[in-house]
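These notes are about the structure you will find just below.
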Amino acid sequence: MTMGRQRTINDAEFWRSPKIADRTQEDKATLLYALTSPYSNIVGVYSIVPRIAAAEMGWTADQLLVILKRLESLKLVQYDEATSFVWVRNWWDHNSAKMAVATTLRAKTYAQIDEVPEQWRVEFLRDFLMRLPAGESNNSGSELSLRDLVAADMEGRGHTVSIPYRYRTDRVSIGYQHPIDRATGNTTNTLNSNFTPNNYNADLPLDYPRLEISVQRQLATIVGRLPTEMRQDVLDEIAAKIQCGTIRSPIKLAQHFANNPSSFVISEGLAIRNARVQRRAAKGELENQEQIRNNELANIDAQLCNMSEEQFERMHSHLPPNALQQLRDRWARLRTKGSI
């Protein structure tokens with residue numbers, strides 16, 4: 001008899017996460033299944049048999065694929081139909097990356113990383129490595145931290161590592177965890193530790209946690225002492241700790257990071273940062289759709305203005321009565337406006 005594996009779900013991170021709270025019951029059930037699936041492995045990227053996975057949830061394969069695609073659009077999972085591989089994007093919110101590279105599991109974890117679909121591997125490794133400790137010994141007798149050691153191992157296995165680590169010979173060591181190590185004008189995806197195009201934009205206003213005005217002003221003064229690209233991440237980390245009730249004084253924590261910027265690594269604040277990125281992307285998409293709609297209406301209006309009554313009837317007589325009447329009213333208003 002095969003004994004089932006035990007999977008632990010961080011209840012607050014799952015049920016109260018801004019990324020998940022507003023999702024449908026089907027979305028939540030599918031994501032929960034992805035986190036606890038019998039197909040799952042150590043790293044959260046694994047292949048499934050859609051028909052069987054759907055049956056285990058009481059659905060058809062087509063129903064499951066629709067939901068997976070929806071979760072993919074929300075960046076909660078990635079799904080590759082060609083290989084049936086699933087990447088559970090919030091896997092490390094519920095599983096320990098540090099334990100995954102413990103001595104007893106490291107070889108198996110590395111082998112599973114080798115199997116991650118190539119189109120996902122750079123982004124997967126960036127997220128995975130940032131979950132590993134960067135400031136403590138790896139207990140292997142090497143001077144490398146655990147993050148540095150795994151990053152070096154990944155490059156040794158032929159994988160692209162897109163975050164700098166301290167002991168690479170082709171980089172300058174910088175103590176701060178968020179260095180901008182790209183040359184001016186460089187638009188490649190080789191990024192520093194937590195710096196991505198989605199989480200920092202100097203042109204966007206900072207999002208502050210909800211605090212009393214006097215406290216927020218103090219916080220703004222302290223945050224102003226931080227490196228520009230670090231400010232929003234610190235605010236997100238403070239906001240997350242306030243939500244979880246794990247912080248007494250946001251001012252003291254901000255002062256600590258301002259005095260010791262190299263000690264900062266965003267962790268709890270990742271969910272808030274990702275939710276903001278998704279909101280901005282959704283807002284941008286709505287604005288884009290609205291612009292497209294306005295352009296289409298302007299084009300229709302221009303055509304209507306130049307139509308004779310005979311042309312109008314010939315081109316639109318096939319429309320349903322209600323739609324035809326609405327368009328005729330619009331045409332009449334445009335002609336009246338044009339004659340004034």
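The values are calculated or read from the model by the stated rules, or taken from the named source; none is laboratory data. Just so you know, these numbers come straight off a predicted model, no measurement behind them. Every residue, glycine among them, receives a Cβ derived from its backbone with ideal geometry; neighbour counts consider all protein chains shown.
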Quick one: T104 ticks every box in (1) without any contact (Cβ under 8 Å) to a residue 24 or more places away in the chain; (2) part of a helix (DSSP H, G or I) bar one, so which box is it? (2)
Any chance the range 290-304 includes a residue that's without any contact (Cβ under 8 Å) to a residue 60 or more places away in the chain, under 22 Å from P18 (Cα atoms), β-branched (V, I, T) and not in a loop (DSSP other than H, G, I, E, B)? no
Scan A298, A282 and give me the residue that is within 30 Å of R131 (Cα to Cα) and of a type in the set (A, V, I, L, M). A282
Within the range 52-83, count every residue that is surrounded by 15 or more Cβ atoms within 10 Å (Cβ to Cβ) and among the hydroxyl-bearing types (S, T, Y). 1
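For E310, indicate whether it is within 28 Å of the chain's Cα centre (by Cα) and in a helix (DSSP H, G or I).
no
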S140 vs (1) modelled with pLDDT of 95 or more; (2) loosely packed, with under 14 Cβ neighbours inside 10 Å: all pass except (1)
Can Y176 be described as part of a loop (DSSP other than H, G, I, E, B), surrounded by 18 or more Cβ atoms within 10 Å (Cβ to Cβ) and either modelled with pLDDT of 85 or more or not aliphatic (A, V, I, L, M) (or both)? no
Please work out if Q243 is out of contact with any strand residue (DSSP E or B) (no Cβ under 9 Å at 6 or more places or on another chain) and either assigned by TED's automatic domain parsing to the domain that holds L74 or over 30 Å from S17 (Cα atoms) (or both). no
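Return yes when Y33 is hydroxyl-bearing (S, T, Y), over 25 Å from M154 (Cα atoms) and in contact (Cβ under 8 Å) with a residue 12 or more places away in the chain and no when it is not.
Numbers: hydroxyl-bearing (S, T, Y): yes; over 25 Å from M154 (Cα atoms): yes; in contact (Cβ under 8 Å) with a residue 12 or more places away in the chain: yes.
In short, yes.
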Close pairs from the range 107-123: first farther than 18 Å from S40 by Cβ, partner among the hydroxyl-bearing types (S, T, Y) and surrounded by 14 or more Cβ atoms within 10 Å (Cβ to Cβ), Cβ under 7 Å, at least 6 apart: V122/S162
Select from the range 10-51 the residues that are closer than 24 Å to S84 by Cβ and of a type in the set (D, E) and write down the one among them that is surrounded by the most Cβ atoms within 10 Å (Cβ to Cβ). D27
